[in-house]
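Everything below concerns the one structure shown next.
Nothing in this text is a laboratory measurement; each read-out follows from the coordinates by a stated rule. In this text, all values refer to a predicted model and were calculated from it rather than measured experimentally. Every residue, glycine among them, receives a Cβ derived from its backbone with ideal geometry; neighbour counts consider all protein chains shown.
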Amino acid sequence: MSDPRLAIRDATRDDLDFLNGCAAAMALETEHKQLDPMRLARGVETLLREPSRGFYLIAEQAGTRVGTLMVTYEWSDWRGGDFWWIQSVYVVPSARRRGVYRALHDATRRRAHAAGAVGLRLYVEQDNARAQATYATLGMHQSTYALFEDDFTAG
């Protein structure tokens, strides 16, 4: 059961340092990548400034930030609506396995339904069995699609 003191709210500019720190920590932890701090800061600030691109949620426990999740949008002509992509998920290590992600996910799912989204999507590392099990527990299933990319910023 999650902590009743856990609250989910929209991120604001006051959360910039936390969001940047979470994104940098996630990249290092999951992909062993050091992100360029200036590029990362521009990316986070852009999303906060341009809500048509998406939004961040913040999880707080007893007034302390313990997690975040970013949502971006993808239009589906087949379904005539937006998929909401869950990205940049990070829960601080001391708060893991305590319902923080579940609370973020549930809040996102409720908002997506209310906004008329056609579904939620996310990507997960192929070898991250723990995360995959968490997503399955929350009602998500593995898609038939494989993710390909041509990353113009790599290199």
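If the Kirkwood radius is taken over C-alpha pairs of segment 21-84, then at 37 °C and 0.692 mPa s the Stokes-Einstein diffusion coefficient equals 240 µm²/s. Against the empirical curve 2.2 N^0.38 Å, the C-alpha radius of gyration of the chain lands at a ratio of 1.03. Using the Cβ-Cβ distance between GLU31 and ALA114 with R0 set to 35 Å, the FRET efficiency works out to roughly 0.60. Its Cα centre serving as origin, the chain has a Cβ charge dipole (Lys and Arg +1, Asp and Glu -1) of approximately 620 debye. Ordering MET38, PHE18, HIS113 by Cα displacement along the dipole of segment 6-137 toward the positive end leaves HIS113 in first place; charges were set at the Cβ atoms of Lys, Arg (+1) and Asp, Glu (-1).
Counting only whole DSSP H helices of the chain, the ones at least 20 Å long by C-alpha along their axis and with mean Kyte-Doolittle hydropathy no lower than 0.0 are 16-31.
With label points built 7 Å along Cα→Cβ from the Cα atoms of GLU45 and ALA62, find their separation and express it in nm. Taking the two extended label points, one gets 3.4 nm. Any idea which of TYR123, VAL100, TYR56 is furthest toward the positive side of the dipole for the chain, if Lys and Arg beta-carbons carry +1 and Asp and Glu beta-carbons -1? Value computed over the given set: VAL100.
In the chain, Cα pairs under 8 Å separated by at least six residues give a relative contact order of 21 percent.
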